[in-house]
Amino acid sequence: MSVAMPESMPAIKKLNDAPGLDWCESVAIPKIGPREVLVKVTHAGICGTDRHIYEWDKWSQNRVKIGITTGHEFVGKIIEIGSAVNRVQVGQRISGEGHIGCGICEMCRTGNGHICDEVVILGIDCDGCFAPYVAVPEENCWPVNDEIPDKIAAVFDPLGNAVHTVMSAGVSGKSVLITGVGIIGLMAVTVAKAAGAGKIFVTDMDERRLELALELGAERAFKATDSWTGDVLELTHGLGPHVMLEMSGHPVAIRDGLSVLRSGGTAAMLGIPSDEVQLDLAKLLIFKGATILGINGRRMFETWYQMENLLLSERLNLEPIITHVVDMKDYEAGLKMMQTGEAIKVVMKMPE
């Protein structure tokens, strides 16, 4: 089944081994295979990963394929389905899991497809959603409940990172330290609150984000450059927080956070360091009997069900985090607002 489509589309691509992204006015519309769907994208979120690609940092240079259409956060409607697709249909509104597993390895077959060794990531390894149309495997489609607005459905990907991190750490009834309250760190505040966390403490460099974290439910917010570790210990009766959610990837934040984590505590690590991090393993981990969790993406699809349930329960407060909605053609302005701190989360409205 299909509908009439234009012959080409605009797309935001990574064409050069240098900072920046490229607006391409005329790109071929994706062709779908038997088990794929073609989605007319209505909204796409600009992710921290997209900013890394735009800035072309060390991680991006070593990971991202030149020539791809970027973007991996989206919501839209299915306009065409492959011949072997049987669980979704044309006209259905969907978001999509951006990690495409091989489906046959041990990880995929044991419910751990998010860490499949052969995983292909939308907007990094293959063409993504910063275009009016994107091709997605049927297995990666997530039908969106009618009660969830487009701009929220467009950011399921980072919300899923936050939910996966929080839920893996088991925060209910526990004190929580979140190091780094960027987009996902801020989402983690409202998710942890909804999941029944006790006192929530946050650290970051940005005053505005610290204030927003307090609005979302944090007990105390500390400037990362200040001597905050003593305050957190005092607020936890000298024991330290039960849980650390590491969202920054910054070596100092990692070390400081682990230094105050209480003995027997759990650290869930999501932030991506730009380089190797040196740690005193004996002092910070081994002698503490700490549990360290490496968090990557979302559990497919356990995290998606958790996200939907939290959103439909109206326990999450995401509105203050999504600060700007811009047209697709204004993508560079959106990225620059994220760089300056004027914007926190930017969602692009795609051409109709």
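Read-outs throughout are calculated quantities, based only on the coordinates presented, and are distinct from any laboratory measurement. As the structure is a computational prediction, the values presented were derived from the model and not from experiment. Every residue, glycine among them, receives a Cβ derived from its backbone with ideal geometry; neighbour counts consider all protein chains shown.
Summary table below
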read-out: Per-bin percent of Cα-Cα distances, the chain [20 Å]; value: 30, 57, 12, 0
read-out: Likely footprinting exposure, Ser259, Ser313, fewest C-beta neighbours within 10 Å first; value: Ser313, Ser259
read-out: Helix-only CD estimate at 222 nm, as mean residue ellipticity for the chain, using -39500 (n - 2.57) per DSSP H run (n ≥ 4); value: -7500 deg cm²/dmol
read-out: Inter-centroid distance (Cα atoms) of segment 47-115 relative to segment 242-258, Å; value: 28 Å
read-out: Angle between the chain longest axis and helix 251-260 axis [Cα atoms, degrees, rounded to 10]; value: 50 degrees
read-out: Residue order, fewest to most surrounding Cβ atoms within 10 angstrom, among Ser60, Ser26, Ser172; value: Ser26, Ser172, Ser60
read-out: Nitroxide proxy distance, nm - points 7 Å out along Cα→Cβ at Ala84 and Arg315; value: 3.9 nm
read-out: Computed label-point distance, nm, for sites Asp146 and Glu55 using a 7 Å Cα→Cβ extension; value: 4.3 nm
read-out: Cβ charges +1 (Lys, Arg) and -1 (Asp, Glu), total dipole of the chain, debye; value: 620 debye
read-out: D (Stokes-Einstein, µm²/s), Kirkwood Cα radius, segment 1-145, 1.306 mPa s at 10 °C; value: 101 µm²/s
read-out: Rg to Rh quotient for segment 237-352, alpha carbon positions, Kirkwood Rh; value: 1.07
read-out: Angle in degrees between helix 156-169 and the longest Cα principal axis of the chain, rounded to the nearest 10; value: 30 degrees
read-out: Least to most buried among Cys105, Cys116, Cys47 (fewest other Cβ within 10 Å first); value: Cys105, Cys116, Cys47
read-out: Positive dipole terminus of segment 159-294, leading residue within Pro241, Leu258, Leu270 (C-beta point charges); value: Pro241
read-out: Solvent-free Debye scattering, log10 I(q)/I(0), computed from the Cα coordinates of segment 119-244 at q = 0.11, 0.19, 0.20, 0.21 Å⁻¹; value: -0.48, -1.03, -1.09, -1.16
read-out: FRET efficiency, Lys329 to Ser227 (Cβ-Cβ, R0 35 Å, nearest 0.05); value: 0.15
read-out: Efficiency of FRET between Glu219 and Glu7 - r from beta-carbon atoms, R0 51 angstrom, step 0.05; value: 0.35
read-out: The chain: angle of helix 302-312 to the longest principal axis, Cα-based, in degrees nearest 10; value: 90 degrees
read-out: Part-to-part distance (alpha-carbon centres) for segment 182-207 and segment 11-42, which is given in Å; value: 34 Å
read-out: Flagged links, alpha-carbon separation over 26 Å, of Lys199/Lys288; Lys193/Lys223; Lys193/Lys345; Lys13/Lys77; Lys58/Lys283; Lys13/Lys193; value: Lys58/Lys283; Lys13/Lys193
